[in-house]
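Beneath this line is the structure, given in structure tokens, with notes to follow.
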Amino acid sequence: MNTSDLAWYSHEMCFWHDPGPGSGYVPVGPGVEPLRQFAVDPDLRRAEGLVRASGVMDRYTCVTPAPASDEDLLLVHVPEHIERVEAVSASGGGDAGVYAQVNYHSAQAARLAAGASVQATEDVLHGRFRRAYCLVRPPGHHAEPDRAMALCLYNNVAIAARAAQRRGARRVMILDWDVHHGNGIQRVFYEDPDVLYVSIHQDGLFPAASGLVMETGAGAGTGSTLNVPLPPGTGHDAYLAVVSRVVEPAARAFGPDLVLVAAGVDASGHDPMGRMMCTSRTFHAMASAMCRLADELTGGRIVFVHEGGYSAWYQPMLVLGTASAIAGLSAPQDPFLHSLDHLPGQRLQRHQSRVIEHLETHHPLLARHLAVTGPGRGAADE
């Protein structure tokens, strides 16, 4: 692929956002000792450094994004929410929502993260690039129209989808493979028949009682939400089976003009914020499959936006795996793979396949496909 077909969006200021000292995503308080947060963004700078050192970055055109405008943010968020993020950040720090700690630089970083997502989407729609990757922080998929939540300030992918609609995209598909359910994205599009939201996440992790299989949309949007809650301990084969037996047939039934991927890497086996077992090979395989699907359905138009990822040592390798797949390269050598790849949960288990089988036979977008093609035969492979 010609290098001009690929774009990499990042900004140094995104790495200046810091949720402050605490434990996990919980700020310092009673019983919470000041510790290095999992979501410290210099780790993302290291991820970009690995992509550059490996030579994969040479395949991309690097773009420095502009911050999102109020007009962009208001595509999803109410004015009071934007004002709160700006005010708390300007005061030096605090909680801008629910477990959404910020520092002085966070409001600017959040606008840049949203702006990168919008700019990448518009550039892909206009034909400047075929594929794009946004390595940005803070993440976004938990942010709701009226509040920040769980490290997420503005809902980057939801804003990008609305921007795509503003620019004439008729139907947009969002795939979210972050380990947590993207409650914010789901809320924005739950009644929109022109946006298909598919979430692959750990069942019951966060938010509580969110992302259930029976949540399939409402009103005109009935059938345009598809949740795949997988049990803890799910690994490589099950994730690929979901892509081949759920995501791909749903996409073909929906017929998108553009694919957006909320590309969190916190479903990895080394991540402290989840209990899944994905590896860099898993993310490489899923990203490769989505690029092929975009080539088939959208003329190649696909944008990946980074979401969660909290393993200081493994996140860079996972970003490299994703970036390599987008560039059409083979999976990178992974020195951490041996500690995860041999575990039994990497093979598709019966209790994992039940979720897939239920969706194949009950979800409106999939039941018709199953009747025509017959049941799936197992996990896809690279």
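A compact table of results
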| read-out | value |
| --- | --- |
| Top-ranked residue of the stretch 110-121 - restricted to ones that are within 12 Å of L260 (Cβ to Cβ) and touching a Cys at 6+ places or on another chain (Cβ under 7 Å), ranked as surrounded by the fewest Cβ atoms within 10 Å (Cβ to Cβ) | A120 |
| Selection within the stretch 119-176 - among the small types (G, A, S), under 16 Å from H81 (Cα atoms) and over 14 Å from the mean Cα position of the chain (by Cα) | A148, A150 |
| The lone exception for G127 - which of (1) touching a Cys at 6+ places or on another chain (Cβ under 7 Å); (2) in a loop (DSSP other than H, G, I, E, B); (3) of a type outside the set (K, R); (4) more than 25 Å from V88 (Cβ to Cβ) it fails | (1) |
| Of the criteria (1) under 23 Å from A287 (Cβ atoms); (2) in a loop (DSSP other than H, G, I, E, B), which one G204 fails | (1) |
| Residues of the stretch 99-109 satisfying the condition of being touching a helix residue (DSSP H, G or I) at 6+ places or on another chain (Cβ under 8 Å) and either in a strand (DSSP E or B) or crowded, with 22+ Cβ neighbours inside 10 Å (or both) | V102, N103, S106, A107, A109 |
| Answer residue from the stretch 206-221, given it is under 16 Å from the mean Cα position of the chain (by Cα) and touching a residue at least 40 places away in the same chain (Cβ under 8 Å) and is surrounded by the most Cβ atoms within 10 Å (Cβ to Cβ) among those | F206 |
| Any hit, the stretch 138-154, residues being under 23 Å from S199 (Cα atoms), touching a Gly at 6+ places or on another chain (Cβ under 7 Å) and among the hydroxyl-bearing types (S, T, Y) | yes |
| Residue count for the stretch 163-186, restricted to those that are surrounded by 24 or more Cβ atoms within 10 Å (Cβ to Cβ) and either at positive phi or assigned to a strand (DSSP E or B) (or both) | 5 |
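Condition check ((1) surrounded by 24 or more Cβ atoms within 10 Å (Cβ to Cβ); (2) touching a strand residue (DSSP E or B) at 6+ places or on another chain (Cβ under 6 Å); (3) in a strand (DSSP E or B); (4) among the aliphatic types (A, V, I, L, M)) across all residues:
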| residue | (1), (2), (3), (4) |
| --- | --- |
| D123 | no, no, no, no |
| P139 | yes, yes, no, no |
| H142 | yes, yes, no, no |
| A148 | yes, yes, yes, yes |
| A158 | yes, no, no, yes |
| A161 | yes, yes, no, yes |
| V188 | yes, no, no, yes |
| S199 | yes, yes, yes, no |
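Yes/no per residue for (1) surrounded by fewer than 24 Cβ atoms within 10 Å (Cβ to Cβ); (2) closer than 28 Å to G49 by Cβ; (3) among the charged types (D, E, K, R):
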site	(1), (2), (3)
A253	yes, no, no
D257	yes, no, yes
A263	no, yes, no
C278	no, yes, no
T282	no, yes, no
L293	yes, no, no
L297	yes, no, no
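Computed from the coordinates by the stated procedures, all read-outs in this text should not be read as laboratory data. What you see is a predicted model, and the numbers here were worked out from it, not measured in a lab. Using ideal geometry, Cβ is built from the backbone for each residue, glycine included, and neighbour counts are taken over all protein chains shown.
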